[in-house]
There are 2 protein chains.
Amino acid sequence: MSGSNDALPTSPMRFVAKARDPGSSARRGTLTTSRGEIETPVFMPVGTRATVTGLTPDDLLAVDAPIVLANTYHLLLRPGPEVFRRVGGIHAFMRWPRAVLTDSGGYQIFSQPAERTITEDGARFRSYVDGRIHHLTPETSIEIQTAIGSDIMMVLDECINATVDETAVRAAADRTHRWALRSLAARANPAQALFAIVQGGLVPALRRQSAQFLTDHPFDGFAIGGLAVGDTRAQREDMTAFTASLLPASAPRYLMGVGTPPDLLYAIGCGVDMFDCVLPTHLAWQGTAFTSTGRVRITRGAHGAQDEPLDARCSCSTCRTYLRSYVHHLFKCGEPLGPRLLSIHNLHYYVQLMRDARAAIDEGRYAAFAREQLARIDRHEPAAVRA
Amino acid sequence: MSGSNDALPTSPMRFVAKARDPGSSARRGTLTTSRGEIETPVFMPVGTRATVTGLTPDDLLAVDAPIVLANTYHLLLRPGPEVFRRVGGIHAFMRWPRAVLTDSGGYQIFSQPAERTITEDGARFRSYVDGRIHHLTPETSIEIQTAIGSDIMMVLDECINATVDETAVRAAADRTHRWALRSLAARANPAQALFAIVQGGLVPALRRQSAQFLTDHPFDGFAIGGLAVGDTRAQREDMTAFTASLLPASAPRYLMGVGTPPDLLYAIGCGVDMFDCVLPTHLAWQGTAFTSTGRVRITRGAHGAQDEPLDARCSCSTCRTYLRSYVHHLFKCGEPLGPRLLSIHNLHYYVQLMRDARAAIDEGRYAAFAREQLARIDRHEPAAVRA
């Protein structure tokens, strides 16, 4: 309960890419932060407001999540950067001992268009908390992320709908590049890694330009941004594969906010290393579980008569402890233990999927693994693994 | 995950009253069920629908709750008794290894007057789940409680507003007595204890008659019912003290549904052994914490600037782990981890209050202990301990 970080970062992030799958572009790696090693490919649970909804850090350790994501935009508005300066960062604030990645707030500014203006300087918007006007610029985003003390910071980017016309896409990508350099210059704590974000919408030439520009600068990793914002699954897959192929092998690749299990299986096959998505926790709160045989809506009446675990193949605490009929009962009663148990299960599912994917890459059988998984979990929405 | 109870009850409940406080009527006891010993005075967290809202059995074990309460009326409507027969009772259903007490449903029928009729046979009412008509009689209540497999069952009683006229109070008490005998006759599993409920409103003569009638029959314990239903605190205290004094020393005494900390401190001084109340969990969901210096509304702005534990004297996992500013932040964001952390804290507070009360009785200083506690926690609403 001290006011300072238990472990002050002393060394910058290191990334080592190891095994490469012979049948795809999938690869294994290790991302070393001052808060431990992260085996990649990795899924990062989303803890937007310094909490993964309904779960404690102990719950996240129990599912063995190595890193969580938080959001600069939301944390700027509440609780504000001051508390992070006071207590020594987000790890001390939320009592999370492992790594944290902070998104810069670019996507939130894009997705909440009311009362905001974006200029070359940055974004100006009205707080949904108290109505005050805030400025989020590349420099203030880094300043806030420095206060938050995340292990990996993201540059502020200008995110736009992937399907708008090419001129607008080009303008946003160019601005994203200028903002990325300002972010790099604003970086105050060398122990916090900084990732750039490749934009360029659905235009291959712009994606290539964006990747070429950004990879010329000393960023610690590269994200693929601007997907899952109005694009189709096929467009998203094509752009993921293409953009991943443009990024250096020596740095981690992070596909932002894209994340059904088929999306992940596909993108891993393209050589993507890092993922985040709200789906496992959001769907848990709606009563949907990811299982080894596909999605299960636990509120369906039939589950009330089933006294087996949610997923007999699953080793999470929910499946080891509770009956399907009990979880069904909790949801029918609107009891919050239901979403809590499904959140644990769904995060365990994602973490286990990544663990299985890593093992498959290690053994050189990732392409077959991804095909098998897709056949089981997503029969009605098949996606070829990039071979 | 087996379909049968792990530990089938084989012996009836035993109660041994031990130390008696010299300065009050407070007493120490041990209630032995087939699921372990329960030290009294004891507080029972309320798990109406086979879940203490938001918490797992492990959370309840961590605060060392020895017994939880569930509700026959609500469990009849959802999930229905069949699932309990299938899986072998509520312990297997909710994965709770310790004792369970089931309330009979009398209070719920009283408090949900829409579309129900009460006759000598029992209550007839419409389900809020599916609109079906149900009959809850003394016999069906015991039948359902037998299926639920609780360690302590309650008789169906006719609960009325404590302040109605004496004729109505007398009629309800008389019917409660007839129903109590029918409940006793309907008991099928001798390993499940059965408690009677003393009624009689605020009329001492009726309370006396009720106690005399019921204590002539072989119930395993006696509850004080019909309080905290329209009465004032002074009326409730007088009636608790009076009724407790009428009950045999050899059986446990249970004050139903009454439960601020001052209420408990007072009633323990009257010789009450068992308590339940929704307050610690309900108030937790509203952002109110019980602390060693009184109630704290965590949503108040000042708490956002306080980086100490909620209660520095408290040893619960919430206070050992989290900052006040963090719990404040969770509530301001509407994040469900906030109520979860406060629920753990508040239940720990109640369990610890009972532990401290037991130690004070053991050491013959309960009257002074209760006075000290009341002075600290409830300065604006003092209540004399019965000396």
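No lab work stands behind these numbers, since they all come straight from the coordinates. Predicted model, so just to flag it, every value in this text is computed and none were measured. All Cβ positions, glycine included, derive from the backbone under ideal geometry; neighbour counts span all protein chains shown.
General observations
- For the stretch B:273-284, the Karplus equation 6.51 cos²θ - 1.76 cosθ + 1.60, evaluated at θ = phi - 60°, returns couplings of 9, 9, 9, 9, 6, 7, 3, x, 7, 4, 5, 4 Hz by residue, with Gly and Pro reported as x.
- Amide H contacts for residue B:123 (H built 1.01 Å from N in the peptide plane; partners 5 or more residues away or on another chain; cut-off under 5 Å): B:136, B:137.
- Among beta bridges identified by DSSP and lying wholly in the protein assembly as shown, the antiparallel ones come to about 50 percent.
- Note on chain A: GNM, Cα springs under 10 Å; of A:184, A:341, A:330, the largest mean-square fluctuation is that of A:330.
- Here the calculated FRET efficiency for residue A:205 and residue B:313, from their Cβ-Cβ distance with R0 = 56 Å, stands at 0.30, rounded to the nearest 0.05.
- Calculated FRET efficiency for the pair residue A:372/residue A:178, C-beta based, R₀ 41 Å, to 0.05: 0.35
- Counted by Cβ distance under 12 Å from residue B:243, the other residues give a net charge of +2, where Lys and Arg count +1 and Asp and Glu count -1.
- Within a Gaussian network of chain B (alpha carbon springs, distance under 10 Å), most fluctuating of B:289, B:367, B:359: B:359
- Peptide-level mean, for B:300-307, of C-beta atoms on other protein chains within 10 Å: 2
- Most mobile of A:352, A:286, A:145 in a GNM of chain A (Cα contacts under 10 Å): A:286
- For chain A, the list of Cys residues with no other Cys C-beta under 4.7 Å reads A:159, A:270, A:277, A:316, A:333.
- Neighbourhood net charge (9 Å Cβ-Cβ; Lys/Arg +1, Asp/Glu -1) for residue A:193: -2
- Under the Karplus curve 6.51 cos²θ - 1.76 cosθ + 1.60, θ = phi - 60°, whole-Hz ³J(HN,Hα) for the stretch A:86-103, x wherever Gly or Pro sits: 4, 8, x, x, 5, 5, 5, 5, 9, 6, 10, x, 9, 6, 10, 10, 10, 6
- Of all DSSP bridge pairs formed entirely within the stretch A:1-118, close to 60 percent run antiparallel.
- For the stretch A:145-195, the Cβ-based charge dipole about the Cα centre amounts to some 240 debye (Lys, Arg positive; Asp, Glu negative; other atoms uncharged).
- Over the C-alpha atoms of the protein assembly as shown, the Rg to Rh ratio, Rh being the Kirkwood estimate, stands at 1.05.
- Approximate spin-label separation residue A:32-residue A:85, in nm, with each point projected 7 Å along Cα-to-Cβ: 3.4
- Calculated mean residue ellipticity at 222 nm for chain B: -12000 deg cm²/dmol, from DSSP H runs with n ≥ 4 weighted as -39500 (n - 2.57), summed, divided by the residue count and rounded to 500.
- A Cβ-based charge dipole, computed about the Cα centre of chain B with Lys and Arg at +1 and Asp and Glu at -1, lands at about 340 debye.
- Within-14-Å neighbourhood charge of residue A:14 [Cβ basis; K, R +1; D, E -1]: -3
- Proximal lysines relative to residue B:332, as straight alpha-carbon distance under 17 Å, when same-chain residues fewer than 8 apart are discounted: none
- Counting DSSP beta bridges with both ends in chain B, the antiparallel % (nearest 5): 50
- Over all pairs of different C-alpha atoms, the stretch B:236-305 has a mean inverse distance whose reciprocal, the Kirkwood radius, equals 13.8 Å.
- Dipole moment magnitude, nearest 20 debye, the stretch B:267-331 about Cα centre, only Lys, Arg, Asp, Glu C-beta charged: 220
- Each of A:203, B:302, A:310 was placed along the dipole of the protein assembly as shown (beta-carbon charges, centred on the mean Cα), and the one lying farthest toward the positive end is A:310.
- For the stretch B:247-308, trypsin sites (Lys or Arg not before Pro) meeting the loop criterion (DSSP other than H, G, I, E, B) and having at most 14 other Cβ atoms within 10 Å: B:300.
- Annotation: Cα Rg of chain B relative to the compact-globule expectation 2.2 N^0.38 Å equals 0.96.
- Label point at residue A:132 placed 7 Å out along Cα→Cβ; residues across the stretch B:332-348 whose backbone nitrogen lies under 18 Å: B:332-333
- Site pair residue B:235 and residue A:278 shows an inter-label distance of 5.0 nm when each label is modelled 7 Å from Cα along Cα→Cβ.
- Size descriptor for the stretch A:176-274, Kirkwood hydrodynamic radius: 13.7 Å (Cα pairs only, one decimal).
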